[in-house]
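Participant: Quick one: this structure, given as structure tokens, is what I'll be asking you about.
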Amino acid sequence: MTEFRKASTAVEAVEKLVADLAIDAAAVVAGAAPTHEMQSRWAEVQRQLQELGPNTDKMQRRCKARAELEVLKAELRTMLPGAPEESIRVAQEIVDARGEGAQALEPILAKAVELEVVATYGVNMAQKVSDLLARLEVARGRLAAEVSPHLAAVVAELDASAAEHQAQEKREAEAAAAAAVRAAEEHEKKVVADLMAANQQRLTDMEEAENAGKRKVEAEAEELRQAEEDRVAEEESLLRAEQDCERKLLEVGADEACAEALISMLTASVGSYREVVEGLHGLIGGIVADPQEARLRLVRAANEGFQQKLGRQPGVWQFLRGVGFENRARSSLPAGLPASLGMPPGPPHERFLLLEEPDMMNAYEAWGAWHGRLSQIAKFLQ
């Protein structure tokens, strides 16, 4: 909203409030009792006028600057040949060229240029603003003449009554706060007494808690030891399964290995089987959709998310090897590949599954066959 529209809206509000207050004042003169609505309107009109003050002062200065500027422009036209409409521009050209009459024009021109900075209103806007300011002055005059003599004292009494009411509320709140402080102190004393009474019991319990803590630590250590044994056993089992998978791959070939792997997955529950197939489809389908994205074609074997969803499931390792993923140590990966994909560093023997993409530019037929096979596998898994 522009400055003028904001001021116009505020002036309209002031006019409305003054009109209502004039009615209120007439009612009070006639014997009506003052109301909180009168008090609220009185406070609101005072607030509106206070807020309007700085803006209307600024608008008044701009209107005054516009009026003075128009006088100077008219004066310049009388001094210039042909009385040009763009008198400031023509005068500036004469002064810049040090032409005839430049000395007489220069002080008037300087004042006009200075006023142009302040006189941001055009002639029409300046007239609108002047009319608006006149309306505001009329409203102020009506407030002073018709309202203030009858309502100012009444509203002051209402304000004093409200202030006394607020003071009473404050005193009551302070008394309640003091009572709350006393209650809190009494409660604190009781808490201290309870703590002292319970201290002996806690001392008694501490020894049992210490013994229980020792037993817990021992149990946790045993649990960790057992978990480590289970992990090692699982790793050894997975390693044997991977070795069997490599032998199977050499014996029957990639496609048959994939088929046997899918059959072995059926030993799992229906829900687990579905999750595995969906996970494989997501992996292979992602590669088919974006074969150049190396992030999709490199899997860190120790990744827990991969192990939980796919790696530990029967047949998955054999299926991925049959698809074409190679079992690689970190040291045998293309230089810098894990780092370029944002993978954390690891030992050289860390294992990965890597699906290499043929060079599409130099071996398109091989690439096409590779991509086509992946597409068929993804479609089968869907």
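The values are calculated or read from the model by the stated rules, or taken from the named source; none is laboratory data. None of the values given here were measured: they were computed from a predicted structure. Positions of Cβ are generated from backbone atoms using ideal geometry, with glycine treated the same way; all protein chains shown enter the neighbour counts. Ligands, DNA and RNA are stripped out before the accessible areas are found, and what is left, the full protein with its side chains, is counted by its heavy atoms. Shrake-Rupley method; radii C 1.70, N 1.55, O 1.52, S 1.80 Å.
Participant: Between ALA193 and GLN166, what's the calculated FRET efficiency when r is the beta-carbon distance and R0 is 41 Å? Round to 0.05. Provide the component values of the computation, followed by the final result.
Facilitator: Values: r = 40 Å, r/R0 = 0.99.
Rounded to the nearest 0.05, the efficiency is 0.50.
Participant: Another question about this same structure. Using a/c under 1.5 as the rounded threshold, could you call segment 253-381 rounded, prolate or oblate? The axes a ≥ b ≥ c are square roots of the C-alpha gyration tensor eigenvalues, and prolate needs a/b larger than b/c, oblate otherwise.
Facilitator: Details: a/c = 1.88, a/b = 1.16, b/c = 1.62.
The shape class here is oblate.
Participant: If we sort 108-115, 247-254 on the protection proxy, mean other Cβ atoms within 10 Å, highest first, what's the order? Intermediate results must be reported in sequence, preceding the final value.
Facilitator: Values: 108-115: 16.9, 247-254: 12.8.
Packing proxy ranking, top to bottom: 108-115, 247-254.
Participant: Taking the Cα centre of the chain as origin, work out the dipole magnitude from +1 charges on Lys and Arg Cβ and -1 charges on Asp and Glu Cβ, in debye rounded to 20. Can you show the working numbers first?
Facilitator: Details: 45 positive and 65 negative charges, 218 e Å.
My answer is approximately 1040 debye.
Participant: Which pairs, out of LYS248/LYS309; LYS189/LYS216; LYS190/LYS216; LYS16/LYS170; LYS58/LYS111; LYS16/LYS58, put more than 31 Å between their alpha-carbon atoms?
Facilitator: Values: LYS248/LYS309 23 Å; LYS189/LYS216 37 Å; LYS190/LYS216 35 Å; LYS16/LYS170 35 Å; LYS58/LYS111 19 Å; LYS16/LYS58 23 Å.
Listed pairs above 31 Å: LYS189/LYS216; LYS190/LYS216; LYS16/LYS170.
Participant: Computed FRET efficiency, Cβ-Cβ of ALA104 and ALA153, R0 56 Å: what is it to the nearest 0.05?
Facilitator: The computed FRET efficiency comes out at 0.40.
Participant: Only four residue types carry charge here, +1 at the Cβ of Lys and Arg and -1 at the Cβ of Asp and Glu. Report the dipole size of segment 253-381 about the Cα centre in Debye, rounded to the nearest 20. List each step's numbers first, then the result.
Facilitator: Values: 12 positive and 14 negative charges, 76 e Å.
About 360 debye.
Participant: Okay, next question. Once you keep just the Cα pairs under 8 angstrom separated by 6 or more residues, what percentage relative contact order results for segment 315-375? Present the calculation step by step, with values, prior to reporting the outcome.
Facilitator: On the way: 47 pairs, mean separation 19.7, N = 61.
Once normalised by length, the contact order is 32 percent.
Participant: Using per-residue counts of other Cβ atoms within 10 Å, averaged over each peptide, order 184-195, 26-37, 309-320 from highest down. Can you show the working numbers first?
Facilitator: Numbers: 184-195: 10.0, 26-37: 11.9, 309-320: 21.1.
So the peptides 184-195, 26-37, 309-320, ranked by packing, come out 309-320, 26-37, 184-195.
Participant: From largest accessible area down, sort GLU100, GLU356; use a 1.4 Å probe on the protein chains.
Facilitator: Working: GLU100 175, GLU356 85 Å².
Per-residue accessible area, sorted high to low, gives GLU100, GLU356.
Participant: How large is the charge dipole for segment 3-169, taken about the Cα centre, if only the Cβ atoms of Lys, Arg (+1) and Asp, Glu (-1) carry charge, to the nearest 20 debye? The partial results should precede the final answer.
Facilitator: Details: 19 positive and 27 negative charges, 81 e Å.
Using only the charged Cβ atoms, the result is roughly 400 debye.
Participant: Keeping every protein chain in place, order TYR121, TYR273, TYR364 by accessible area at 1.4 Å, biggest value first, i.e. largest first. Walk me through the intermediate numbers first.
Facilitator: Details: TYR121 20, TYR273 75, TYR364 140 Å².
Order by accessible area, largest first: TYR364, TYR273, TYR121.
Participant: With the full set of protein chains in place, find how many percent of the accessible area of segment 1-101 is carbon and sulfur; take the probe as 1.4 Å.
Facilitator: Numbers: 3200 of 5920 Å².
Whole-percent figure for carbon plus sulfur exposure: 54.
Participant: Here's another thing I want to ask about it. Under a crude label model (7 Å from the Cα following the beta-carbon direction), how far is SER375 from ALA67 in nanometres?
Facilitator: With each label point 7 Å from Cα toward Cβ, the separation is 8.4 nm.
Participant: Taking the Cα centre of the chain as the origin and placing charges on Cβ (Lys, Arg +1; Asp, Glu -1), which of MET343, LEU72, LEU49 is farthest toward the positive end of the dipole?
Facilitator: The residue sitting farthest along the positive end of the dipole is LEU72.
Participant: Of ILE287, LEU249, MET265, which is farthest along the charge dipole of segment 228-311 in the positive direction, counting Lys and Arg as +1 and Asp and Glu as -1 at C-beta?
Facilitator: ILE287
Participant: Related question: Apply the a/c threshold of 1.5 to the C-alpha gyration tensor of the chain and tell me whether it is rounded, prolate or oblate.
Facilitator: On the way: a/c = 3.87, a/b = 1.70, b/c = 2.28.
It is oblate, given that a/c is not under 1.5 and a/b is not larger than b/c.
Participant: Rounded to the nearest Å, what's the spacing between the alpha carbon centres of segment 247-286 and segment 309-364? Just the number, please.
Facilitator: 17
Participant: Tell me which residues come under 5 Å, amide H to amide H, from GLU326 once H is placed; ignore anything under 5 positions away on its chain.
Facilitator: Correct list: LEU354, LEU355, GLU356.
Participant: When the accessible area of segment 176-284 is split by element with a 1.4 Å probe, what percent falls to carbon and sulfur?
Facilitator: Working: 4700 of 8060 Å².
So the carbon and sulfur contribution to the accessible surface is 58 percent.
Participant: Please work out how much length the chain gains when fully extended from ARG240 to THR120, using 0.36 nm per residue of separation minus the C-alpha to C-alpha distance, in nm with one decimal.
Facilitator: Numbers: separation 120, 0.36 × 120 = 43.20 nm, distance 8.76 nm.
Fully extending the segment from ARG240 to THR120 adds 34.4 nm.
Participant: With the crude spin-label approximation of a point 7 Å out along Cα→Cβ, what separation in nm comes out for GLU228 versus SER340?
Facilitator: The two pseudo-label positions are separated by 3.9 nm.
Participant: Please give the FRET efficiency for ALA144 paired with ALA26, using the beta carbon to beta carbon distance and R0 = 22 Å, rounded to the nearest 0.05.
Facilitator: Details: r = 16 Å, r/R0 = 0.71.
Calculated value: 0.90.
Participant: Please give the per residue accessible area of the chain, computed with a probe of 1.4 Å over protein heavy atoms only, in Å². Each step should come with its number before you reach the end.
Facilitator: On the way: 23800 Å² over 382 residues.
So the chain comes to 62 Å² accessible per residue, rounded to a whole number.
Participant: Full extension from ALA212 to SER264: what is 0.36 nm times the residue separation minus their Cα-Cα distance, to one decimal in nm? Display every interim value, and only then the final one.
Facilitator: On the way: separation 52, 0.36 × 52 = 18.72 nm, distance 4.68 nm.
In short, 14.0 nm is gained.
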